[in-house]
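One structure is given below, encoded as structure tokens.
The values are calculated or read from the model by the stated rules, or taken from the named source; none is laboratory data. What you see is a predicted model; the values in this text were computed from it and never measured. Here the Cβ is made from the backbone with ideal geometry for all residues, glycine too, and neighbour counts use every protein chain on show. SASA here: full protein model, heavy atoms, side chains in, ligands and nucleic acids out. Shrake-Rupley method; radii C 1.70, N 1.55, O 1.52, S 1.80 Å.
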Amino acid sequence: MLEQLSLFDNRETSAPLASRLRPDNLDDYVGQKHLVGKGKILRQLMEKDQISSMIFWGPPGVGKTTLARIIAKQTQAEFVEFSAVTSGIKEVKEVMNQAEANRKMGLRTLLFADEIHRFNKAQQDAFLPFVEKGSIILVGATTENPSFEINSALLSRCKVFILKALEEEDLKELLLRALHSPKGLGNMQISIEDTHLSAIARFANGDARTALNTLEMAVFNGRMDENAILCVDEEILSECMNRRSLLYDKNGEEHYNLISALHKSMRNSDPDAAVYWMYRMLDGGEDPLYIARRLVRFASEDVGMADSAALQVAVAAYQACHFLGVPECDVHLAHAVVYLSMAPKSNALYRACEEVKVDIRNSPAEPVPLQICNAPTNLMKEMNYGKGYQYAHDTEEKLTRMQCLPDALVGRRYYQPTEQGKERQVKERLEEILEWKR
């Protein structure tokens, strides 16, 4: 073992393999051919020097940071990396002011905000005026849907590029480069079979960092033979992976496929499949709070009024995950997943929202009926604001026949309750109300 350690001590740097192999140009960049391949949109923007602020959305380890560094180098911009954890509003403004000063001298600043979804609203708002003025090129990286996690004003000023999990062939290319490159392990004599490289690529599940870290660990623990060759065998590889390598299809299971599998298993009232997919996500390093947020959405979208307690369970699971974190919060997620799977299902709330959105999108902005407008001033009262308002609590039935929808939508029904679970009672109550009003 002493002999093996000395080999590693003689390396030019002790930086991790993934850092040493980070490419500095597009020709050495692996993956994302749909964006940076010959003639593709992002490559064209870089070649024409038309780079503007953008968001990279994709799973971990697919090259978001590397791509941002390559863009900075190619556009001759100063690269500044920002963290939501260590950078407050003061630090944001200091960097922005320096970037503005650089701009006046003809210098560009590329600000890379890793995990931009973790920046709070105030931090994101601080970027906005400098993005608008062009003081900075903002490149944000996120594993979360930017539509939900990034301020709409900031998002509207950024192009969104979706980065995909690396395919097995991409990862094998990266592993072979690591074995032969002088910046990687090229100065060492290593014996590892092609099938073992394939196993590492499958194990990494689209994540380049995981693939390179696994290879480095396997080589570090390799056995030296009589010819001073480091041999990596199946036993060593299994120990380094530290778990059974799950079998994926050719393209690998992606973050988005897994959450879809969880959602659809719960919708199909299959608790066994739902717990399996939930744990697959946790096992792959998924943030439990992301899973919990999806459960909160599911509780109203797919269970809804059939069991309103489902939303309480989902929110409680989110809070429990926040309090405990991994690995202890797994049982709380399982609790919510099984509850949601077994709950009666209704998508009546979801359908109501979708139908309202269609009417709002395709119809003029209808005025609020005067009888349900507020009239805090005398002028508004003179204009008949609030005239004809009927206070439901003044009636024995706690109901009135007052019109609340705009004239153009009178009689429109959005919420159509089902007979699932407790929504059956809601349906009966709504039918009684409608009958009384008729």
query: Say each of Glu431 and Met342 gets a label point 7 Å from the Cα, pointing the same way as Cα to Cβ; how far apart are those two points in nm?
result: 3.0
task: With an 8 Å cut-off on Cα pairs and a minimum separation of 6 or more residues, tell me the relative contact order of the chain in percent.
output: 12
query: By a straight-distance test (C-alpha under 20 Å), which aspartates and glutamates pair with Lys398 as possible cross-link partners, with residues fewer than eight away in the same chain excluded?
result: Glu428, Glu431, Glu432, Glu435
- request: Please list, or write none, the aspartates and glutamates whose alpha carbon is within less than 12 Å of the alpha carbon of Lys437, excluding same-chain residues fewer than 8 places away.
  value: Glu397
task: At 1.4 Å probe size, with no ligands or nucleic acids counted, give the accessible surface of Arg412 in Å², nearest ten.
output: 90
field: Relative contact order (%) - criterion: Cα under 8 Å, at least six apart; region: segment 210-349
entry: 23
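Is the shape of the chain rounded, prolate or oblate, going by the alpha carbon gyration tensor and its root eigenvalues a ≥ b ≥ c, with a/c under 1.5 for rounded and a/b larger than b/c for prolate?
It is oblate, given that a/c is not under 1.5 and a/b is not larger than b/c.
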message: What's the ranking of 175-184, 201-210, 394-403 by average number of surrounding C-beta atoms within 10 Å, highest first?
response: 201-210, 175-184, 394-403
- request: Take the alpha-carbon centre of segment 277-355, take the same for segment 173-225, and report the distance between them in whole Å.
  value: 38
message: Give me the one-decimal nm value for the distance between modelled label points at Leu289 and Glu355, 7 Å along each residue's Cα-to-Cβ direction.
response: 3.7
statement: As straight-line cross-link partners of Lys93, the qualifying aspartates and glutamates (C-alpha separation under 18 Å, not fewer than 8 residues apart within one chain) are Glu78, Glu81, Asp114, Asp125, Glu132
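Evaluate the relative contact order of segment 55-164 (contact order divided by residue number), counting alpha-carbon pairs under 8 angstrom at least 6 apart; express in whole percent.
Answer for segment 55-164 is 41 percent.
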- request: Provide the packing ranking of 128-138, 96-106, i.e. peptides ordered by the mean count of other C-beta atoms within 10 Å per residue, highest first.
  value: 128-138, 96-106
